[in-house]
1. Could you give log10 I(q)/I(0) at q = 0.13, 0.24 Å⁻¹ for segment 118-188, computed by the Debye formula over C-alpha point scatterers of equal weight, without solvent?
2. Which option, [x] 23; [y] 29; [z] 34, is the value of percent of Cα pairs over 28 Å apart that was calculated from these coordinates?
3. Could you please state, rounded to a whole Å, how far the C-alpha centre of segment 1-73 is from the C-alpha centre of segment 140-179?
4. If each of residue 54 and residue 148 carries a label point 7 Å out from its Cα toward its Cβ, how far apart are those two points in nm?
5. Rounded to the nearest 0.05, what FRET efficiency do residue 171 and residue 17 give with R0 = 35 Å and r taken as the Cβ-Cβ distance? Could you check?
6. For the chain, what does the relative contact order come out to in percent, with C-alpha contacts under 8 Å and a separation of six or more?
7. Rounded, prolate or oblate: pick one for segment 75-165, where a ≥ b ≥ c are the square roots of the eigenvalues of its C-alpha gyration tensor, a/c under 1.5 means rounded, and failing that, prolate if a/b is larger than b/c, else oblate.
8. Hey, how much of the P(r) for segment 14-61 falls beyond 14 Å, as a percent of Cα pairs?
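Read-outs: derived from the displayed coordinates by stated rules, not from any lab. Values in this document were obtained by computation on a predicted structure and should not be read as measured data. Virtual Cβ from ideal backbone geometry, glycine too; neighbours counted across all protein chains shown.
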Amino acid sequence: MTTARLALVGDRSPAVRSHTRVPGLLASLDRRDRLTLDAYWIPTGDAEVPGALDGFDAVWLLPGSPYRSEAGAIAAVRTARERGIPFLGTCGGFQHALLEFARGVCGLEVSHAENEPGAGDPLIVPLACSLVGHEGPVTVVPGTLAERVIGAGRTVERYHCSYALDPARAAGLTDAGLRFSGHDEDGGIRIAELPGHPFFLATLFQPELAGDGTRAHPVVRALARAAVEHAGAVEHAG
């Protein structure tokens with residue numbers, strides 16, 4: 001059985017509920033789905049170092065923003081995007097995935113309002129109504145990676161965030177190749193993906209908080225499967 005190496009990028013803390021969920025989810029993936037992941041926590045400061053993500057089969061940029069190092073979070077996204085490494089960004093990971101795309105692909109000098117309060121040209125802005133502790137429906141666009149992963153056109157998800165993409169910026173990102181594949185009832189963007197990439201998915205909601213933590217959400221399971229496939233391809237090529 002192939003074992004994949006998973007980089008858990010984030011500033012691990014017992015105070016962040018999603019972080020405490022991860023060990024149980026990894027155990028469930030191994031036990032229930034026969035998807036074995038060798039996971040390593042990488043603080044955002046360490047992710048800044050060139051080569052920090054070498055040898056990993058997948059990257060999960062976890063919640064916990066503001067990150068200690070915005071540059072490290074951005075570097076993790078860029079490495080996964082440019083190298084074709086399976087990537088999942090949840091909550092803060094979603095926000096920084098969009099930030100990296102705007103800077104690295106669109107060439108925009110944009111900021112994150114939480115990281116740089118008062119800075120000009122923010123891409124990620126405060127939500128009109130905080131989603132901390134909120135649960136709500138997400139409509140999934142047909143024919144997308146998100147739909148294939150979730151297996152339905154509608155899902156109900158949990159959030160713990162107060163920032164999201166400025167809606168006025170959405171068209172510029174889609175023109176550059178990013179796809180928004182999930183929205184809330186008011187049209188707010190909740191899922192993003194990158195067509196042409198082996199597996200690149202970002203959700204403003206936190207799939208790691210689904211259920212009681214004893215079984216992985218389909219999004220997390222899909223990342224694990226993509227990681228194992230990546231590891232198998234590397235072994236075969238070697």
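1. So the normalised log intensities are -0.44, -1.21.
2. Computed from these coordinates, percent of Cα pairs over 28 Å apart corresponds to label [x].
3. About 22 Å separates the Cα centre of segment 1-73 from the one of segment 140-179.
4. Going from the residue 54 label point to the residue 148 one covers 3.1 nm.
5. Numbers: r = 34 Å, r/R0 = 0.97.
Efficiency computed from Cβ-Cβ geometry: 0.55.
6. Details: 502 pairs, mean separation 55.0, N = 238.
It rounds to 23 percent for the chain.
7. On the way: a/c = 2.24, a/b = 1.18, b/c = 1.89.
Note, shape of segment 75-165 comes out oblate.
8. Working: 679 of 1128 pairs.
The share of Cα pairs beyond 14 Å in segment 14-61 comes to 60 percent.
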